[in-house]
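Structure first, then comments.
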Amino acid sequence: MSAAEPAWSAETGQASWIGERLAPFGASVVTSVIPGGFEAYARVLHPAEEPLHGGGRVVRWAEVAAWSGLPLRPGSQFHSIALPRARPEGEAPWTGQGPHRGSLYPPDAMILAGILRDWTTAPQRCWFCVWDGYGWDGVYLTASDGAPAAEPVRGRRPDPVPAGVRGGSRVRLPHRDYLLYSGPVEAALATVRLGGGHQVANLWWPQDRAWFVATEIDLAWTYVGGPGGLISQLLAETRIEALPAAPDGELSGTEDWVTARAGQTAGRLLSTGEATVTTSRGTLRATLERPGQLQPGTLLVQTVGDNGVTGSSSTRLSRRAGQDLREEISYCLARGIIELVGG
């Protein structure tokens, strides 16, 4: 079976052990997305920029940290190193929207597969899950005969997943359903060509369950659990970028200064209805329509990043008052500030 052709499987019972070893999803800890019980864990960082998603070259987090002068710690989020309080003198080493979420960079996945092969008795018998929510059969636009058309023709990309698989059984885990396939450890890349999205398997493990790889769809890194020797080898590997992880460590977080800045801005919004936040990597503008007794309010956030990327969001606010409303607004503003650098 070639790397471009997943060997789809209906043996979803092969994944039945995973759910019982996961912490509650709402706990938002490392073992909420990767099974507990392994001797050690690591976090493989997705590049800040890479050619498959519009970058000119691979930019690692360490390079971003060197630019900003901020420490790259085991628990760092991307904004922890990419959003310094003051603008550094040199140009930022990345120009896009930050690390790609939900998929390990395929060249890194191949390196990881090569390492993992030596840490299982079953390198040819591995299992892989890919999230079933990817829109590989989504609508796209095309022009007839290859020439520009006055009216784009709406077409539908054929689903690369066979109908029997798409309509068949699923691996069902908390908040996520997956399609299952099998193959040698390198088959983690078997889904890369499906739908043109460069998607690596989200979950993979060998028949002997010696290790486990998990890429949650909303995260900009991939977790690996396994023997201590495996994790030590992974952390020492210079071709990819990995940090140690604790099973009870937080999945994500917000730097204190961002939380404080969002709280201050929420106060101004509640007083005046408008506020602007200027950061070292762009600007956020917010307007507030306060909730009334009979209808929710609306928070409109617009961002303009130094990378030229703009964004906007509109959030309906619940009919809360006082501190609860302020905290709801602060949370939305903090997410907006972080999105200036992509996470």
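The values are calculated or read from the model by the stated rules, or taken from the named source; none is laboratory data. Note that the coordinates shown come from a computational prediction; the quantities given were computed from them, not determined experimentally. Note that each Cβ is placed from the backbone with ideal geometry, even for glycine, and that neighbours are counted across all protein chains shown. Remember, those area values only see protein heavy atoms, side chains included, never the ligands or the DNA or RNA. Shrake-Rupley method; radii C 1.70, N 1.55, O 1.52, S 1.80 Å.
Accessible surface for residue 119 stands near 80 Å², nearest 10, in the context of the full protein assembly shown (1.4 Å probe).
On the basis of the beta-carbon distance and an R0 of 30 Å, residue 58 and residue 335 show a calculated FRET efficiency of 0.65. Could you give the accessible area per residue of the chain, probe 1.4 Å, as a whole number in Å²? Per-residue accessible area for the chain comes out at 47 Å².
The distance linking region 1-70 with region 208-234 is 7 Å (Cα centroid to Cα centroid, whole angstrom). The residue list 65, 31, 110 was ranked by how far each Cα lies along the charge dipole of region 1-137 toward its positive end, using unit charges on Cβ atoms, and 65 comes out on top.
Here the peptides 78-88, 194-204, 287-297 are ranked by packing, the mean other Cβ count within 10 Å, and the order with the highest first is 194-204, 78-88, 287-297. Simple rule: put +1 on each Lys or Arg Cβ and -1 on each Asp or Glu Cβ in region 171-257, find the dipole, and look at 200, 185, 211; the Cα lying farthest toward the positive end is 185.
On the beta carbon distance between residue 304 and residue 246, with R0 = 41 Å, the FRET formula returns roughly 0.65.
Average 1/r across all pairs of distinct alpha carbons in region 287-342, invert it, and you get the Kirkwood radius: 12.0 Å. Taking 0.36 nm per residue of separation and subtracting the Cα-Cα distance, full extension of the segment from residue 257 to residue 5 would add 86.0 nm.
Here is how the number arises for the chain: DSSP H runs of 4 or more residues each give -39500 (n - 2.57), the sum is divided by the residue count, and the result at 222 nm is -6500 deg cm²/dmol.
The value obtained for the chain, namely the Cα convex hull volume divided by the number of residues, is 179 Å³ per residue. All C-alpha to C-alpha distances of region 239-280, sorted into 10 Å bins beginning at zero, yield P(r) values of 21, 32, 23, 17, 7, 0 percent in whole numbers.
Cα-based values for region 1-143, radius of gyration first and Dmax second, are 18.8, 55 Å.
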